[in-house]
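Working notes, beginning with the structure itself.
The values are calculated or read from the model by the stated rules, or taken from the named source; none is laboratory data. Owing to the predicted nature of the structure, the values given are computational and were not obtained by experimental measurement. Cβ sites come from the backbone with ideal geometry, for glycine too, and all protein chains shown count toward neighbours.
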Amino acid sequence: MAAHRARRPAWWRTAETTDLAGLLRGAGDALLIDGIGTWLTAAMDECGAWDGAAESAARLADRIAGLVGAWRETRAHVVAVSDETGLGVVPRTRAGRLFRDELGRLNQMLAAESEETELVVAGRIIPL
């Protein structure tokens, strides 16, 4: 992690937070989010959503709605990295399938609110 940070320009500020919506609301000119899957994992942990119960799913849906709303309203130029989970092997566990499905839906929602969305495969950029 330290080597990763050391490669960044000195003027970059690093924020490690699960309050991504708050970060978007306070963002200035530009924001690099690395990554959406990590945020979703933390949000699922905080909401207790790994069991798929209706109450925890509702808490997670609220967190996701807050993120999407902040994404829509930010004036910052946002570049986000996310995993593509739908092209790989179907996870064996219920929690793995839940994560795959939630991340796929979240990627779709964020893409719908974005001016540009690209898929990178084997180092090739494919505009969506």
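Figures for the structure shown
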quantity	calculated
Pairs where the first residue, in the stretch 9-38, is closer than 17 Å to Asn107 by Cα and the second is in a loop (DSSP other than H, G, I, E, B) and not hydrophobic (A, V, I, L, M, F, W, C), C-beta under 6 Å, 6+ apart	Leu24/Thr74; Gly35/Ser82; Ile36/Ser82; Gly37/Ser82; Gly37/Asp83
Residue ID - farthest from Ala70 (Cα to Cα), chosen from residues in the stretch 29-39 that are surrounded by 15 or more Cβ atoms within 10 Å (Cβ to Cβ) and of a type outside the set (Gly, Ala, Ser)	Thr38
Meets criteria (free of Cβ contacts under 8 Å to residues at least 40 places away in the same chain and either touching a Cys at 6+ places or on another chain (Cβ under 8 Å) or among the small types (Gly, Ala, Ser) (or both)) for Ser82	no
Residue identified as among the small types (Gly, Ala, Ser), under 18 Å from Arg25 (Cα atoms) and at pLDDT below 95 among Ala95, Ala76, Ala70	Ala76
Residue among Trp71, Trp50 that alone is more than 30 Å from Trp12 (Cβ to Cβ), of a type outside the set (A, V, I, L, M), in contact (Cβ under 8 Å) with a residue 40 or more places away in the chain and part of a helix (DSSP H, G or I)	Trp50
Pairs where the first residue, in the stretch 108-120, is within 19 Å of Leu40 (Cβ to Cβ) and surrounded by 11 or more Cβ atoms within 10 Å (Cβ to Cβ) and the second is among the small types (Gly, Ala, Ser) and modelled with pLDDT of 95 or more, C-beta under 6 Å, 6+ apart	Thr117/Ala111
Hits in the stretch 1-28 (condition: over 18 Å from Leu67 (Cα atoms) and charged (D, E, K, R))	Arg5, Arg7, Arg8, Arg13
